Amino acid sequence: MKFNFKLERLKDLKENFQDFARIELGKKIQERIKVEEEIKVMNSKIEIISRNFKSEIHDSIPIAKLTSLIEYRESLNEKLDNLYLELKKREIEEEIARNDYIEAKKEKDVLEKLKDKRYEEYKIQEKRLDIKELDEVARNAYHFNGGKKNGQN
């Protein structure tokens with residue numbers, strides 16, 4: 001008799017869910033990393049403009065250029081603030097995806113353990129059947145020989 005796990009299709013489905021959740025988690029991690037890189041670039045731009053601003057202040061510059069530098073720095077700071085909000089959003093999405101993955105993995109693992117347990121029960125049952133068949137063969141051989149041991153007449 002062949003081992004048949006009745007929940008095999010469900011286990012396979014849960015495994016597919018786990019794979020999908022793992023892929024989604026990977027995507028969310030990459031999205032977060034991308035935003036972090038954008039923040040680094042933006043911080044570098046702000047640092048450069050701040051240095052330029054300080055050097056320009058020491059020189060005499062027209063008000064229009066000074067105003068332009070201030071507005072540019074403010075726009076960079078605003079973009080940086082937006083990037084930090086985006087990063088927070090991505091971190092939340094990543095955490096949700098991580099929780100989904102963990103849940104999918106747990107569900108698949110539960111079914112995998114159930115399958116292993118059922119397989120062990122199946123093996124025990126098969127051994128019992130084999131022993132029963134051997135006992136039956138021995139009993140039949142005993143009765144066939146009339147209850148005599150081999151070699152006795």
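Report, to the nearest 10°, how far helix 8-58 tilts away from the longest principal axis of the Cα atoms in the chain, using its own Cα long axis and a range of 0 to 90°.
In the chain, helix 8-58 runs at an angle near 20 degrees to the longest axis.
For M42, M1, write out the residues from largest to smallest accessible area, computed with a 1.4 angstrom probe and no ligands counted.
Accessible-area ranking of M42, M1, largest first: M1, M42.
Starting from the residue with the highest accessible area, list K115, K54 in decreasing order, probe 1.4 Å.
Per-residue accessible area, sorted high to low, gives K54, K115.
Quick one: dipole size for the chain, taken about the Cα centre, charges +1 on Lys/Arg Cβ and -1 on Asp/Glu Cβ, in debye to the nearest 20.
Magnitude of the dipole: close to 1080 debye.
Ignoring ligands, DNA and RNA, how do H143, H58 rank by accessible area with a 1.4 Å probe, largest first?
H58, H143
What percentage of the solvent-accessible surface of the chain, computed with a 1.4 Å probe over protein heavy atoms, is contributed by carbon and sulfur atoms?
54 percent
F144 to F5: FRET efficiency via 1/(1 + (r/R0)^6), r the Cβ-Cβ distance, R0 41 Å, to the nearest 0.05?
Rounded to the nearest 0.05, the efficiency is 0.55.
So with the 1.4 Å probe, I'd like the accessible area per residue for the chain, rounded to whole Å².
Result: 79 Å² of accessible area for each residue.
On a 0 to 90 degree scale, rounded to 10, what angle separates helix 63-144 from the longest Cα axis of the chain?
Around 0 degrees separate the two axes.
How big is the accessible area of D109 in square angstrom, nearest 10, if you roll a 1.4 angstrom probe over the protein chains?
50 Å²
Can you give the translational diffusion coefficient of the range 27-153 in µm²/s, computed by Stokes-Einstein from the Kirkwood radius over Cα pairs at 4 °C and 1.567 mPa s? Please report the intermediate quantities before stating the final value.
Values: Rh = 22.2 Å.
Taking Rh from Cα pairs, D becomes 58 µm²/s.
The values are calculated or read from the model by the stated rules, or taken from the named source; none is laboratory data. On a predicted model such as this, the values are computed, not experimentally measured, just so you know. Positions of Cβ are generated from backbone atoms using ideal geometry, with glycine treated the same way; all protein chains shown enter the neighbour counts. Please note that ligands, DNA and RNA were not included when accessible areas were found on the heavy atoms of the full protein model with its side chains. Shrake-Rupley method; radii C 1.70, N 1.55, O 1.52, S 1.80 Å.
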